[in-house]
Each structure stands twice: as structure tokens, then as C-alpha cells.
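First up is the structure itself, then whatever we jot down about it.
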Amino acid sequence: MAKEHIALLDPAKVKGTEGETLQNQCKFAREQITKPQNVTFKNLGPKINTDVIESNPSITADGRTLIFTSRRSDTEGGKVDINNNLFYEDIYMAEMDSLTNTWKEAVHLESSINSKGHDANTSISPDGSIIYIYRNMVNKGSGQIFFSKKSSSTGKWGSPKEVEKDVNTSWFETSGCVSADGKWFYFVSEKPNGGALVMAIFGVRLKLVKTSLASPRI
């Protein structure tokens, strides 16, 4: 149906539109259905999962530090979202026990990371030294990406700062993550791209300083 609809449109006006995006998603889904994979899902257990929402898991390259978002009663500030009656999102972390190779009890990260508003992790860097955070910016009417660096001397997380350069805009930005080789920073934005207002993935080249970013490109 989408293919027939797009065929009726001016090709110059189709590129970058939501219609083209949806068509590509359907094409990808059809291709993947023809190549099924054997996948096993295993619950990480009560030290990670609770009876509320746990989401956005990210793990370090060595597989020994897990970070995720949850809506638990110990959320910083104790606020409840009036839109769904759930506690505000906060960020939690768990370490792998070196003796048993099982996850230790997840802990609520300190107030330098979790504010009294919504705080959701988007990822942790491969080496575990930087956390990327999504925050609702009520005063700007959008969401933006922050980062926090871990002190090598104290092991404490620093106060989150907005990611530099042209990553954050007046539009919605989220899902920031670093490639396994530490050379690229990827994120999702709804900022206009070729005139189209659709969510798109952008990438920026990381310089030697891990939080210094070049201009993003799609």
C-alpha cells in the first residue's frame, strides 16, 4: 500500500519523508522474517528487575557494569507523574560479582545524576567512564542529552552537563550512545532533516577528548 501511494508522489518530495521511512521499515521487517534467529530471553532476576518498569539497559564492554532506568518509589524527590501515576524515572546501576559472576543488587545513583525531574539513562560508554542521560527540559519544551563523567580518583559521578556542539537543539534529542571503538557518538533527533520532521539517527565524530564533538551528520 505504501509503495503504491509513494509511486503517485513527486520523487523529489518523497525523500526523507515519514512515508519513505515507514516503507523502509516494512522492507527491513520482511527481510528479517526470512532470516529467523534463535534467541533466548532470560530474566536478570530480582536484584535487577522489580514489579515496576525497568528499561533502557546499557552494559560496559567488559560486561560487568549494567545501567538502566526504572520508576521506583525511591526516585529522587519522590514525585509521581500525573500523566500515568507512575514515579518519575531515575537511573540505577548494578555491578557483576567477581566471585559468583552474578549481578549484585542494583543501586539508585547519587543525586549528582538523578534530579527531582525525569532522568533516564541512554547509555554508558564502553569503558564505563561516562554516562549519557536524557532529561526533559520543561523550560525549553524538548528533551536533551547530558553526560556525566566518573572521577578516576573518587569513583563518584560528576554533575551532568549538556553534550556540546550541535547535538542538542530546540527539538527533541535522545538515545545518545558511543560506538564500541569510542570514535562515534550516535543519537536520535526530530530536528528538520531535508525539510522533513521525522525522527532520524545522527552521528558525530568524537575527538580525542571523549566529550568534545564534531558537527553531527545523518
Qualifying residue in the range 65-74 (condition: outside any loop (DSSP other than H, G, I, E, B), within 30 Å of W103 (Cα to Cα) and modelled with pLDDT under 90): no
Close pairs from the range 107-118: first more than 21 Å from N49 (Cα to Cα), partner surrounded by fewer than 16 Cβ atoms within 10 Å (Cβ to Cβ) and hydroxyl-bearing (S, T, Y), Cβ under 7 Å, at least 6 apart: S112/S159
Lone unmet requirement of (1) over 23 Å from V163 (Cα atoms); (2) exposed (fewer than 13 other Cβ atoms within 10 Å of the Cβ) for T75: (2)
Inter-residue pairs, beta-carbon under 7 Å, first basic (K, R) and in the range 68-86, second surrounded by fewer than 18 Cβ atoms within 10 Å (Cβ to Cβ) and part of a loop (DSSP other than H, G, I, E, B), 6+ apart: R71/V52; R71/I53; R72/T50; R72/V52; K79/K116
Exclusive hit being in contact with a strand residue (DSSP E or B) (Cβ under 7 Å, 6 or more places away or on another chain), outside any strand (DSSP E or B) and basic (K, R), set K27, K47: K47
Residues within the range 45-54 that are within 20 Å of the chain's Cα centre (by Cα) and either outside the structural domain of V107 (by TED's automatic domain parsing) or free of Cβ contacts under 8 Å to residues at least 40 places away in the same chain (or both), tallied: 4
Count of the range 1-31 residues which are at pLDDT 80 or above and surrounded by fewer than 10 Cβ atoms within 10 Å (Cβ to Cβ): 3
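Every residue, every condition in (1) among the acidic types (D, E); (2) closer than 14 Å to I131 by Cα, yes or no:
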position: E54; (1), (2): yes, no
position: R64; (1), (2): no, no
position: S70; (1), (2): no, no
position: Y88; (1), (2): no, no
position: A94; (1), (2): no, yes
position: T102; (1), (2): no, no
position: H118; (1), (2): no, no
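The values are calculated or read from the model by the stated rules, or taken from the named source; none is laboratory data. Values in this document were obtained by computation on a predicted structure and should not be read as measured data. Counting neighbours? That spans all protein chains shown, and the Cβs are built from the backbone with ideal geometry, glycine included.
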